[in-house]
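Undergrad: I have a structure I would like to understand better, so I am pasting it below and will then ask my questions one at a time.
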Amino acid sequence: MQHDIASLFGLALDACSRSYAPYSRFRVGAALVADDGTVFTGVNVENRSFGLTICAERAAVASAVAAGKTHFKTLVIATPDASYPVSPCGACRQVISEFMEPEDSVVFGNSIDSLVSVKVGELFPHDALHDLAHREHQS
Ligand code: THU
């Protein structure tokens, strides 16, 4: 199953309507493509104990892992409340590196006209703890 980036961004943007962000009012949606083409979405889920907030990217990963998928090819993130493309936070970069290869793509944008595409290896260079990873293709 092939997905173009525009439709994946559409899914991420649509997911933003389900974001739970009453504190920041900053909605984030993510669309994560597994290696078999299945797409999982995630939204940020905030909490009144602020440190418990879950980012959209990690919510999408958790949903996918719960469905039995642990290898992903593409992650697309929508941040419609920003005036510029917002890249994944540091914690999410670590989690993304667990399930995606350095050459896989992460695309982020606040609108369809502002998409930035980077490789996982660019987002998370000098991959921390990579020797502990259970990857088929370690670099
Ligand atoms: N957030 C994400 O969901 N993903 C990111 O990559 C950046 C930040 C969320 C966390 C919080 O709910 C809100 O955006 C503001 O930081």
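The values are calculated or read from the model by the stated rules, or taken from the named source; none is laboratory data. Computed from a predicted model, the values in this text were never measured in an experiment. Counting neighbours? That spans all protein chains shown, and the Cβs are built from the backbone with ideal geometry, glycine included. The protein model used for the area step is the full one, side chains on, heavy atoms only, and it has no ligands, DNA or RNA in it. Shrake-Rupley method; radii C 1.70, N 1.55, O 1.52, S 1.80 Å.
Undergrad: Out of the residues in segment 42-58 that are assigned to a helix (DSSP H, G or I) and under 12 Å from the mean Cα position of the chain (by Cα), state the one that is farthest from the ligand (Cβ to nearest atom). I'd like the intermediate steps shown before the answer.
TA: So the first thing to find is which residues in segment 42-58 are assigned to a helix (DSSP H, G or I), and the list is 50-52, 56-58.
After this cut, where a residue has to be under 12 Å from the mean Cα position of the chain (by Cα) as well, the list is 56-58.
Numbers: A56: 4, E57: 6, R58: 8 Å.
Checking each candidate, the answer is R58.
Undergrad: Taking the criterion of being within 11 Å of the ligand (Cβ to nearest atom) and open to solvent by 40 Å² or more (accessible area, probe 1.4 Å), would at least one residue in segment 59-79 satisfy it?
TA: The first filter runs over segment 59-79 and keeps only residues within 11 Å of the ligand (Cβ to nearest atom), leaving 59-60, 75, 77-79.
Then keep just the ones that are open to solvent by 40 Å² or more (accessible area, probe 1.4 Å); that gives none.
Among the residues of segment 59-79, not one is within 11 Å of the ligand (Cβ to nearest atom) and open to solvent by 40 Å² or more (accessible area, probe 1.4 Å), which makes the answer no.
Undergrad: Within segment 105-135, can you find the residues that are touching a residue at least 40 places away in the same chain (Cβ under 8 Å) and outside any helix (DSSP H, G or I)? So that I can check it myself, show each step before the final result.
TA: Taking segment 105-135 as the starting set, the residues that turn out to be touching a residue at least 40 places away in the same chain (Cβ under 8 Å) are 107, 109, 112, 115, 117.
Once the filter is applied, which keeps residues that are touching a residue at least 40 places away in the same chain (Cβ under 8 Å) and outside any helix (DSSP H, G or I), segment 105-135 yields V107, G109, L115, S117.
Undergrad: If you go through segment 106-120 one residue at a time, how many are within 18 Å of R58 (Cα to Cα) and surrounded by 16 or more Cβ atoms within 10 Å (Cβ to Cβ)?
TA: 5
Undergrad: Please pick out the residue among P102, P88, P22 that is without any contact (Cβ under 8 Å) to a residue 60 or more places away in the chain, closer than 22 Å to D127 by Cα, open to solvent by 20 Å² or more (accessible area, probe 1.4 Å) and not in a helix (DSSP H, G or I). Spell out the reasoning first.
TA: Numbers: P88 fails: open to solvent by 20 Å² or more (accessible area, probe 1.4 Å); P22 fails: closer than 22 Å to D127 by Cα.
Among P102, P88, P22, only P102 is without any contact (Cβ under 8 Å) to a residue 60 or more places away in the chain, closer than 22 Å to D127 by Cα, open to solvent by 20 Å² or more (accessible area, probe 1.4 Å) and not in a helix (DSSP H, G or I).
Undergrad: Hey, another quick one. Of the numbered conditions (1) within 12 Å of the ligand (Cβ to nearest atom); (2) crowded, with 19+ Cβ neighbours inside 10 Å; (3) over 23 Å from A6 (Cα atoms), S97 fails exactly one; give the number of that condition.
TA: All conditions pass for S97, except number (1).
Undergrad: Among the numbered criteria (1) farther than 30 Å from D131 by Cα; (2) open to solvent by 10 Å² or more (accessible area, probe 1.4 Å); (3) among the aliphatic types (A, V, I, L, M); (4) in contact with an Asp or Glu (Cβ under 9 Å, 6 or more places away or on another chain), which single criterion is violated by L52?
TA: In the conditions (1) farther than 30 Å from D131 by Cα; (2) open to solvent by 10 Å² or more (accessible area, probe 1.4 Å); (3) among the aliphatic types (A, V, I, L, M); (4) in contact with an Asp or Glu (Cβ under 9 Å, 6 or more places away or on another chain), L52 misses (1) alone.
Undergrad: With respect to I5, determine if the residue is within 15 Å of the ligand (Cβ to nearest atom), of a type in the set (V, I, T) and open to solvent by 60 Å² or more (accessible area, probe 1.4 Å).
TA: no
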